[in-house]
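The values are calculated or read from the model by the stated rules, or taken from the named source; none is laboratory data. Predicted model, so just to flag it, every value in this text is computed and none were measured. As a convention, Cβ positions derive from the backbone with ideal geometry for all residues, glycine included, and neighbour counts pool all protein chains shown.
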Amino acid sequence: MLLNLKNISKWVHSGGQKVFLLKDINFWVNEGDFISIMGPSGSGKSTLLNVIGMLDDFNEGEYTFLDESVHTLKEKHRANLYKQYVGFVFQAYHLIDELTVKENLEMPLLYKKHSASERKSLVGDMLDRFNIVGKKDLFPAQLSGGQQQLVGVARALIASPKLILADEPTGNLNSKQGEEIMEIFTQLNKEGVTIIQVTHSEKNMAYGSRVINLLDGSIV
Amino acid sequence: MIKNYIKIAWRNLLKNKVNTAINIFGLSIGISTCMVILIFVRYESSFDHYHEKAENTYRVVQHNQLPDQTLYWNTTAYPLASALRNDFPEIDMVTQTAGPVSREFSIEDEERDLIRFEESHVLFADPFFLKTFDIEWIAGDFNTALSDINSIILTEELANKYFPEHNENYQSIMGKTIALQSKDPLKVTGVIKSAPGNSNQRYNILIPYEFFKINNPYFSGNWSGNYQGTTYVVLQNEELRKPLEAKIASWKKKYLKPEDDKRISYFLQPLTEIHNETLYGSSPGGYILPSKVLFTASIVALFILVIAIVNFINLLTAQSISRSKEVGIRKVLGSKRRDLIRQFIFENSIIIIGTLCISVAIVSALLHQLNTNLSIIDLKLQFAWSHIGLILLIGCFTILLAAIYPAIVLSAYRPIQALKNRIQLRGTGNFNLRRSLIVFQFVIVQLFVIAAIVVALQMNYFKNESMGFSSNAVVMTPTPEFSKLEVFRNVLLENNNISKVSFGSGPPMAVHGFQLGTSFRRPEQTVEESLDAEMKIGDVNYLDFYDLELLAGRNFTSNKETFDEFIVNETLLKSYNWTPEEAIGKKIQINEGQATIVGVVKDYHNNSFQYEITPCIILNWEYYQNQAFIKIGNQNYESLAMIKEVWEDTFTSSIYRYDFLDDAIEKEYVLERLVFNGFTIFSILAICIGCLGLFGLMSFITSRKTKEIGIRKVMGASILQILSFFTKEFMRLVALAFIIAVPVVYYLMNLWLEGFTYRIDISIWMLLSGGLITFIISVITCSFQSIKAALANPIHALREE
């Protein structure tokens, strides 16, 4: 089992009342799963993804990631944990505008203290794998949305994570670009990478092996 | 990793060219201004510190107790030095100088033609002078250079001027002859480097003191007057000072007349304090700068630096916030907070180091400018390594504040919020800080602007307020020979361009620091009851020439070898409560003799506006009529050339010099002009720096609120409404700053104005106009950015998300 969420709840106070963002969430993920989180706007999909990615706190419950109980870990350890095992893909790509494709890919490696030659070969591999060698010296603004998301996925993969968290990865893309990205996810999944995606689209959901439906913060 | 940082830093700088330029420009102006002021202050407070014996050298000063006041003199009677030397073995060294004075020198060139030079910094000094003060010798021996009575020591510059053919071999000049006033031959016994700029002894020629004594036997033996002898003593240590002062107090009666002994007391003033102490006035030939002024200047310097740094932090933080997305990405991708802090510090430090380099360049350019433009006080400011060190220190301080603070703020963002651009919602506390920084600097801006206005008006007052006499188009020139005055006058008056000519000891207002002093009493009073007065000698045309108004009595009828008539001013009458009519016919005794008051003139400013009008006595004396006053119709070169020609034909053996009275009067306000220029420059700088800050902040806010502007426009807001939406907030801050600044500036400027006996009153409109200027400038500054934002198409703004 890769991760396990037990009775996770998250809330905010609004006008003296608890408003639940997540309510009593229970589910687990095995290595090699491809999970789609579905639900209407405001149902807590992104919040759940952020909790899984350890970018966000929760108020109640237990979260175990590779046998480490995340809820008891200190911020620093938590960061180390996700740094090592988790890759993120965003709807708005979130590439750094001032860096070229190559440099954007290289950045996660810098934070993991890889040597220069290692970084070079890893970046080279990724550029090859995603067929973007020709684009390596361009800045994000010079790429189409699909290409930017390609770089985003490549960047998420470069440190060979066990888990990829994708928040509406195709939300800003047209259907053809979207399909390409989903094909890549399927391919990665076959290679053993666990994927959790948040999506609106039934079509994307179909790529996954399991679906979690959220409504008002609860699994339905 | 470092490479990555540099890349990001560089690309960011280029992306925000305007902001970066503003940032660097603002901070480098701040640093360099601060540096220049500090270098100036340091220079001005280091006067005479460089002498090896500086710590133990004292100047003998004299307090002169009169019935109504005490006069503080920095010069003493000439015989004092040798008396001290003979009677006090515990004093290591006593030295005395006379001058600096102006003298004429001549040398014969190869064709035996006489070449004349006028030198204005001739100092008569005894041989001990060379041992008391550090002098750098190029040729000659300091033990013997002044032993022979007919010797002369030149500075390097003068040696080059007189003997240009020496080819750097200064030894070859030794023994050459220079004639003083065309008669006394003096032999060159030394060539020295000129004293550094920060010395109170200003001279370029040294002549033995003995020479002066022999030529002025009356002065050099007289104990009771105030002659320009400056006496210095060197003591073994600081503890000896007080006991010595006490001893001198009981010793002086040995030499002073009983009435002088009561009146005169001597004190020792440390050499190093001379330049910053106002009590004793400027040293002969030098100037003083009160420590109060230096202190204020340092505060101003620090203020400017603080404003610049505050702005820098402000802008940098603002810019950094727009990089919250990058922070978010980096955090998600595994950057630790430490990495981010390091990155931002690194980046900001690059900017700061660049700024420091620019500052160094600006400082050296500014110093050069100051040295050439402030020739009145003969500045020799130098850019030393220690200053670069100081700049580095300021830099480190700035890095500490300006690099670390934004780095810490920024790195603390939670990645999710950073990515979602939610930072500005949380940034309200930040914004309050920024608001108070803006208020703070606009308080300072308004302080400067209002101060500059007040100083300008006071300067204007000096210029336009009636002095009580006419000073327009008056040429002054020395007249060396009394016997030729009438001839000189008659020849001049033949010219149509010259309407009036008069002779006297000086113009109505004391200029060039020159005024004849005396004391006066009624014949029946004792010497102790004497009061201090100014003595002026004028010919029969003097009153008419300067339009001095007679309130009672009449003008002189002629000048006499022994004066017998006085014309006095109203202020003098107040000492005895006489009306002008009562005063006529009264006899008055002054130091130089007794005479009858024949006329009373309406008060005119016989001192510059800083000082009160003092009692003044005009004598019908033939002596001291050593200046001619010539009224010319138009200030063109022809009349000046004509005067020169007539002068040279009349007084054949001297060098012609002239001065306009208006210029000479203007020079009395050199310090005030300096203050005015200072405030003008600083208010412009403060406005610049303040506006840069405002501009930067506006550009930040508009870029953050692009979306909001877009929404507002779509909802139907007009451009004007959007403008006022942005500007209103800032205007409120500027207004608040004005309210804070007004009482402070009112208090400070009143304090400054109190230094002038004749002054303007600070009125509401001066304060208001200062506020208005700042207000208008800041509205314009704000508008730049907000107009751009308001005109932008809302669709673009909204599509960005």
- Would you mind telling me which numbered condition in (1) assigned to a loop (DSSP other than H, G, I, E, B); (2) at pLDDT 75 or above residue B:325 fails? (1)
- What number goes with the only condition from (1) more than 7 Å from every other protein chain (Cβ to nearest Cβ); (2) assigned to a loop (DSSP other than H, G, I, E, B); (3) surrounded by 19 or more Cβ atoms within 10 Å (Cβ to Cβ) that residue A:98 does not pass? (1)
- Which listed residue is modelled with pLDDT under 85 and among the hydrophobic types (A, V, I, L, M, F, W, C), from B:123, B:146, B:130, B:114: B:114
- Message: I need a count of the residues in segment B:513-528 that are over 41 Å from the mean Cα position of the chain (by Cα) and hydroxyl-bearing (Ser, Thr, Tyr).
- Response: 1
- Item | Residues of segment B:320-366 that turn out to be away from chain A (no Cβ under 14 Å), small (Gly, Ala, Ser) and free of Cβ contacts under 8 Å to residues at least 12 places away in the same chain, as a count | 2
- Item | Answer from B:24, B:31, B:8, B:39 - the residue that is touching a residue at least 60 places away in the same chain (Cβ under 8 Å) and either within 14 Å of chain A (Cβ to nearest Cβ) or of a type in the set (Asp, Glu) (or both) | B:8
- Task: Answer yes if at least one residue in segment B:654-661 is in a strand (DSSP E or B) and either surrounded by fewer than 17 Cβ atoms within 10 Å (Cβ to Cβ) or modelled with pLDDT of 85 or more (or both), and no otherwise.
- Result: yes
- Query: Where residues in segment A:67-95 are over 17 Å from the mean Cα position of the chain (by Cα) and part of a loop (DSSP other than H, G, I, E, B), which of them is nearest to the other protein chains (Cβ to nearest Cβ)?
  - Reply: A:74
- Task: Go through segment B:710-720 residue by residue and tally those that are part of a helix (DSSP H, G or I) and modelled with pLDDT under 75.
- Result: 5
- Message: Within segment B:114-160, considering only strands (runs of 3 or more DSSP E) that don't extend past its boundaries, which have at least 1 residues that are within 24 Å of residue B:214 (Cα to Cα), assigned by TED's automatic domain parsing to the domain that holds residue B:228 and charged (D, E, K, R)?
- Response: B:114-125
- Query: Which residues, counting only those in segment B:116-152, are under 30 Å from the mean Cα position of the chain (by Cα) and closer than 13 Å to residue B:207 by Cβ?
  - Reply: B:119, B:121, B:122, B:123, B:124, B:125, B:129, B:130
- Is it true that residue B:441 is under 27 Å from the mean Cα position of the chain (by Cα) and either at positive phi or at pLDDT below 85 (or both)? yes
- Hits in segment A:165-219 (condition: modelled with pLDDT under 85 and hydrophobic (A, V, I, L, M, F, W, C)): A:173
- Quick one: how many residues across segment B:662-709 are crowded, with 22+ Cβ neighbours inside 10 Å, polar (S, T, N, Q) and modelled with pLDDT under 75? 2
- Query: Does residue B:269 satisfy the condition of being more than 14 Å from chain A (Cβ to nearest Cβ) and on the phi < 0 side of the Ramachandran plot?
  - Reply: yes
- Message: Residue under question is residue B:652, and the condition is that it be more than 16 Å from residue B:542 (Cβ to Cβ) and free of Cβ contacts under 8 Å to residues at least 12 places away in the same chain; does it hold?
- Response: yes
- Task: Might you let me know whether segment B:625-645 holds any residue that is outside any strand (DSSP E or B), surrounded by fewer than 21 Cβ atoms within 10 Å (Cβ to Cβ) and in contact with a Leu (Cβ under 7 Å, 6 or more places away or on another chain)?
- Result: yes
- Message: Give me the helices (runs of 4 or more DSSP H) completely within segment B:505-616, filtered to those with at least 3 residues that are surrounded by fewer than 16 Cβ atoms within 10 Å (Cβ to Cβ) and out of contact with any Cys (no Cβ under 6 Å at 6 or more places or on another chain), ordered by residue number.
- Response: none
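Yes or no, residue by residue, for (1) surrounded by fewer than 21 Cβ atoms within 10 Å (Cβ to Cβ); (2) free of Cβ contacts under 8 Å to residues at least 12 places away in the same chain:
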{"site": "A:22", "(1), (2)": "no, no"}
{"site": "A:33", "(1), (2)": "yes, no"}
{"site": "A:36", "(1), (2)": "no, no"}
{"site": "A:61", "(1), (2)": "yes, no"}
{"site": "A:66", "(1), (2)": "yes, no"}
{"site": "A:77", "(1), (2)": "yes, yes"}
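If I filter segment B:32-52 for residues that are closer than 20 Å to residue B:297 by Cα and acidic (Asp, Glu), do I get at least one hit?
Checked segment B:32-52: at least one residue is closer than 20 Å to residue B:297 by Cα and acidic (Asp, Glu).
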- Considering segment A:126-152 alone, what residues qualify as being away from chain B (no Cβ under 11 Å) and either in contact (Cβ under 8 Å) with a residue 60 or more places away in the chain or more than 24 Å from residue A:173 (Cβ to Cβ) (or both)? A:149
- Message: Between A:109, A:105, which is closer than 15 Å to residue B:333 by Cα, more than 10 Å from chain B (Cβ to nearest Cβ) and touching a residue at least 24 places away in the same chain (Cβ under 8 Å)?
- Response: A:105
